[in-house]
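Report on the structure given below.
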Amino acid sequence: QVQLVESGGGLVQAGGSLSVSCAVSGRTASAYAMSWFRQAPEKGREFVAGISQGGGSSYYADFVKGRFTISRDDAKNTVYLQMNSLKPEDTAVYYCAADALGTRWYPGGMDYWGKGTLVTVSS
């Protein structure tokens, strides 16, 4: 019943910025901790950033700390990932995920997934 739809992916040059969004429907976004994962070609899905219910706590993978910012606007049922200082190695499909429990920050802990949006960073 819960649907997550990502948008905002595209092509950007290294050093540039891009913001991707995740729209939540079927249930109110406030019920879920929300996360962003990414998967590069021939690679596994890896955690990028997460935000708790209410937005009080945020978590980041080491490789994006200081560059990416996760935020949420529950009134709009939307979660965002602002990506700055992008690097070619950031190229991946970025997935939005929701977790009703709110304590799991790994792929197997997510209850719902979006279909992803492709971010390509050129050198």
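The values are calculated or read from the model by the stated rules, or taken from the named source; none is laboratory data. Here the structure is a predicted model, which is why all the values come from computation and not from measurement. No Cβ is skipped: glycine too gets one built from the backbone with ideal geometry, and neighbour counts run over all protein chains shown. Quick note on the areas: whole protein, heavy atoms, side chains included, nothing else; ligands and nucleic acids left out. Shrake-Rupley method; radii C 1.70, N 1.55, O 1.52, S 1.80 Å.
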*asked:* Quick check on segment 1-18: of everything there that is open to solvent by 50 Å² or more (accessible area, probe 1.4 Å) and part of a strand (DSSP E or B), which residue is farthest from TYR112 (Cα to Cα)?
replied: GLN13
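Please determine, by comparing only the residues of segment 19-67 that are among the β-branched types (Val, Ile, Thr) and touching a Ser or Thr at 6+ places or on another chain (Cβ under 8 Å), which one is farthest from GLY114 (Cα to Cα).
Taking segment 19-67 first, the residues among the β-branched types (Val, Ile, Thr) are 20, 24, 28, 48, 51, 64.
Remaining after also requiring touching a Ser or Thr at 6+ places or on another chain (Cβ under 8 Å): 20, 24, 48, 51.
Details: VAL20: 12, VAL24: 9, VAL48: 15, ILE51: 16 Å.
Among them, the one singled out is ILE51.
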*Would you point out the residue of segment 53-81, among those that are within 13 Å of the chain's Cα centre (by Cα) and hydroxyl-bearing (Ser, Thr, Tyr), that is surrounded by the fewest Cβ atoms within 10 Å (Cβ to Cβ)?*
SER58
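Residue by residue, here is whether (1) surrounded by 14 or more Cβ atoms within 10 Å (Cβ to Cβ); (2) closer than 13 Å to TYR95 by Cα holds:
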position	(1), (2)
ALA29	yes, no
ARG38	yes, yes
PRO41	no, no
ALA49	yes, yes
